[in-house]
Structures are given as C-alpha cells and as structure tokens.
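The values are calculated or read from the model by the stated rules, or taken from the named source; none is laboratory data. Just so we're clear, the structure is a prediction, and the values are computed from it rather than from any experiment. A quick note on method: Cβ atoms are made from the backbone with ideal geometry, for glycine too, and the neighbour counts reach across all protein chains shown. All accessible areas refer to the heavy atoms of the entire protein, side chains included, with ligands and DNA or RNA removed. Shrake-Rupley method; radii C 1.70, N 1.55, O 1.52, S 1.80 Å.
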Amino acid sequence: MTTLVMPTAGIRPEAQPFPQIVPSAACLRCDVCCRFPDPDSPLRPYFMPEEIDRAMTHGLERQWFPSPRGCQVLLSPDEHMPGYHCPAFDSGTGRCRIYEERPLDCRLYPLALMWNDRHDQVVLGWDTKCPFMGDQLPAAIQQHCNRVMELIVRPDVVEAIVRHPRLIGRFQPDVVILRNLAHVTHALSRRWGDRPVHRFELDNLPRLSDALGRSGQVHPRSLSAYSPPYHYMCSTLLAYWWTELDGVLYLFAESPDGWFMPLAPLTDAVSEDVVARGFSLLRERNGRSAVSRMENVPASLASKARTWGYRATPQGGEYLYQADELARLAGNRFKSQRALCNRVERLTGVVVAPYDERDREACRRLMQVWRRQKQDGGLDAYGRWLLEDAVSFHEVVFSHPERLGLGGTVVKIDGVVRGYTFGYWLTDKTWCVLLEVADRTVSGLAQYLFRETCRAAVSRGAEFINTMDDAGLAALRRSKEVYHPIERIENYILSEVPTS
C-alpha cells in the first residue's frame, strides 16, 4: 500500500497522509478508471477551486474546467478507442499526468461518497467496478474504510464536502455501502436546508418532460427552452439540479457566478407564492446576490410577475418561421437563398442522410474545421467564448440523440461529411433547430442544409420552425432575419427588486 498526502481545498496537506489501498502497479494494468463511455458521465471527477489551480500548474488547460469555483472536469474524446477520458489521463501510457496533485474525488477511490437510495443520507461505499477491490477480503476493505473515516470526520474535510456537494455522487447499486455519514448529512442540512435537491441527469428527462407537459407552457409558439434537450445539452458546463415541492418542479443551474433558474417553476398554475418560493430557494444558495433570477419566462407570466413586484427584463426574442415558406423558398424574398441552394444541387456526390452513430468521428472532425473557419473569419471575445462552449454541447448531442429525442441530419459530399444539424420537436407542429454546422468553404451549404431540414420537418407535419435566439451576435441576427420570421417570441428574465 502506498501513502500520499491529500492537499485539497480548505484542508491542510501536512495534517495527515491519505491512505491508498490500490497499488500503482494495479492501477497501471486497469482499464476502468479515468475512462468514460459518454462526455456527460456523472462519475467524471470533481475538482475544488484549489485543486483546479494545482492541476493547471501541472499542465492542464483552463478549458477543461467550466467553473473556477469548482466543477466536474470536461472529458476528452479518446484517440485510441471509443469513449472519453479525463484530460489528465494519458491514454497511451495509462498514467495520470497530475497523479501527485489529483483531487480528493480521485484520492478517495475506490471508496466513494454518495447518497443512499432514498437520497436522505450521505454514505461511504466501495466501488465494485474497481477490479483490484474484487480480490480483497472484506476485512481488508473495512480496515481501509476505518482509516479513511478518520479523515472524513475532520471538520475541515466536512466543510469542504458541504461547500462542494457535487462531491457526493448519486446512489449506485454496485457500490457497497460501508458507513452512514450522519455528520456529513447533518452539516449539509444546516448549510443548504432540509429540502432534497437532486442532480439533473439523463434519467431525469422523463420527469422534466412530464412537468413541462403539466405546465401548459408547451405549445406551437413556445420558447425553445420548454423542452428537456435544451437544458440537458448544457449539463457538462452547468450543473443542473431539481427539486419537487407540493407538485411544483423547480429546475436550477449552477453557474460560476451562482445559482439561477433556467425556467420558471413548472406547475399548472404559477402563482405569486410559487414564484416567491423559487426565489427563496435561490437565496438559500446565493444569499442576496443579484445572480438569483428566473430565465426563459414567457410574456404572459412576465406580465403577471410585474404586478407581484418583480422586475421582468427582455432576454432577447426567438425567431419563429412559417415552415412551408422555408421548405419552398419561393418568391423574390428568398431569391438569394434559393440561388445558394442551387449551387449545392449542381455539385456531384451530394447525399443527405439521417445521422448515424458511425458519423460521430466525422462530425467531430468537421466541428473542429468549422471552429477554425469561424475564428479565422473574425470573432470578438464573446463569440469565441460561445464557440468554445459549443464543443461540449455537440459531444453530448452526438452521444445521446435518441434518448434526448433529437433528430440529426448529415450532408455528405463524395462520401465526406461536410455538414450536420440536430433539432427536436417542441410540439407536433413546431421543429426547433438546436445546432447546425456546415463547411464554410462549400458555398451555399449552410442554406442548403437548413432548407433540407425544413423540408424534412414539413413532411412530418411541421407548421413552424423555431431557430432560437441570436445570442446577441450581430452576424447571427442578420442570418436569421433574412429568412423573414413571422414572429419574435418574447422572452424575459425575472428578478427581485432590490430593497433599500
């Protein structure tokens, strides 16, 4: 057994060595740790702020950490096999590049902090997925657990866990519970309240879908945010949480600045009390910070909220089009788009096909090419930031199109993927375009891909196309306006009026 010091946020590294039960030789033979099947794996390691700083000092780039306040690391596509790995992991040698400075989350393994199946107690367990642990006697595992418990009862360690509750994983049936950590549960309750708040994960999509259906906010002219994939694709960059109280579902997003609600509370009748409770939950996490807000609030609710004393600020409207107009591109209004589409039609070897999992690597390569093309075309700092975020969005979409209810289309020219798009049905009458990438060296390809998307949607009954907002980018706004939207769907941010 080796012994390594545990330096981490709020914990004095010299105070006590952190015991390890798995020898390095076993780790180097393992093909489990540090590798993940999907980019949004809930098991990817969590780094506290000081751990992020140390990882960067030892060579990891800031791009892998969505929030300097603490976050789960973004994963990198594996170059040698399907799947993803921690960016600190060298898949060629099987070694961790920051092993001596790896975070508490990794140092604990193969022990794990998690909630029990009722989500009312924090427990410590050992993960049976670790091949080495399968060969250990129960007495040896229990002895190791006892040594780790000496650290977990320390006030500084408990405080670190409470400040970073994402260190506590979801219940996993293949993790054998060894100890009930009542002192951690109690400390969490004192800090965050007794209401259970759960991480929003892939398995929660049906729950959110049901709540959206009950809310009455989903109709052909709804905001695109009233759909599960809109939120889930952001889950690698923002930690999403949810709680359900008295039949009302409250959805939260944890940003580097604090918590906010990406949707108004979901219930069949949003009352003043329901909104007030939402802001109360935000204050428990943010104090009186101005970051507390509700986004994607429809105009009807914004109007009511103003009478209740809240501030409703326009967020930037979404673009809604008549679907058959975009499928036909008839008349002088669409003359230039029609001419660009004709250029592509004159090319040989153009094939439009549904996205297939086998297209993932080709789409990933195109995404990198497209990013460079956009950067070379000139982007301000905000545009570059949005472009960096898009990488993880697209990886999530590539991984789960069916479970997210997405439809994808690729355009191949001479067998090479030169464009792709994904979207979803907001209702059976409205198709939302979630993302679109087209090789900018092929004149007219973006227009052609968009027209083919609209034609496919119309063939399945679409009456409207929603292309979301323009993110405040002038070039994107111009490209949306030239297609002549029939409506800009109003969108608001609700916030509390500061008291003097």
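Note down the relative contact order for region 169-265 as a percent, whole number, built from C-alpha pairs under 8 angstrom at least six residues apart. Reported as a whole number, the value is 21 percent. Angle between the Cα long axis of helix 205-215 and the longest principal axis of the chain, 0 to 90 degrees, nearest 10? On a 0 to 90 degree scale, this one is about 60.
Using 7 Å Cα-to-Cβ label points, what is the Arg346/Glu388 separation (nm, one decimal)? Here the answer is 4.2 nm between the modelled labels.
Modelled spin labels at Thr128 and Asp210, positioned 7 Å past Cα toward Cβ, are 2.8 nm from each other.
When Rg and Dmax are taken over the Cα atoms of the chain, they come to 24.7, 80 Å.
Counting only alpha carbon atoms, the long axis of helix 381-399 and the longest principal axis of the chain meet at about 80°.
Could you give the distance between the Cα centres of region 317-378 and region 138-173, to the whole Å? Each part reduced to its Cα centre gives a spacing of 51 Å.
Expressed as a whole percent, the accessible surface of region 417-478 that belongs to carbon and sulfur atoms is 48, based on a 1.4 Å probe. Taking 0.36 nm per residue of separation and subtracting the current Cα-Cα distance, fully stretching the chain between Arg29 and Asp246 would add 73.1 nm. Region 429-495 and region 53-114 have their alpha-carbon centroids 36 Å apart. Rounded to the nearest Hz, the phi-derived 3J(HN,Hα) couplings of region 468-481 under the Karplus curve 6.51 cos²θ - 1.76 cosθ + 1.60 (θ = phi - 60°) are 6, 9, 9, 6, x, 9, 4, 5, 5, 4, 5, 5, 7, 5, where x marks glycine and proline.
Label separation (Glu361 vs Asp90): 2.4 nm, computed from points 7 Å beyond Cα along the C-beta direction. Compared with the dominant principal axis of the Cα atoms in the chain, helix 138-152 is inclined by about 80°. Each residue of region 326-342 was assigned a 3J(HN,Hα) from its phi angle through the Karplus curve 6.51 cos²θ - 1.76 cosθ + 1.60 (θ = phi - 60°); the sequence is 6, 6, 8, 6, 8, x, 5, 4, 10, 4, 5, 5, 5, 5, 5, 4, 4 Hz, with glycine and proline shown as x. Close lysine pairs were tallied over the chain: pairs 8 or more places apart or on different chains with Cα atoms under 23 Å apart number 4.
Extension gain, Arg277-Val291: 0.36 nm per intervening residue step, less the Cα-Cα distance, totals 3.4 nm.
Given a Förster distance of 22 Å, report the FRET efficiency between Asp376 and Glu61 from their Cβ-Cβ distance, rounded to the nearest 0.05. Plugging the Cβ-Cβ distance into 1/(1 + (r/R0)^6) gives 0.55. Phi angles across region 407-412 convert, under the Karplus curve 6.51 cos²θ - 1.76 cosθ + 1.60 with θ = phi - 60°, into 3J(HN,Hα) values of x, x, 9, 10, 10, 10 Hz, Gly and Pro given as x.
Once the 1.4 Å probe is applied to the protein heavy atoms, the chain comes out at 45 Å² accessible per residue.
Treating r as the C-beta distance of Val416 and Glu50 and R0 as 56 Å, the FRET efficiency rounds to 0.80. For Arg333 and Asp203, the FRET efficiency from 1/(1 + (r/R0)^6), where r spans their Cβ atoms and R0 equals 45 Å, is about 0.50.
Taking amide hydrogens as placed 1.01 Å from N in the peptide plane, the amide H of Gly316 sits under 5 Å from those of Asn491, each at least 5 positions away in sequence or on another chain. Under the combined filter of DSSP loop state and at most 11 neighbouring Cβ atoms within 10 Å, region 377-459 retains these GluC sites (Glu not before Pro): Glu402.
Here the peptides 289-297, 409-417 are ranked by packing, the mean other Cβ count within 10 Å, and the order with the highest first is 289-297, 409-417.
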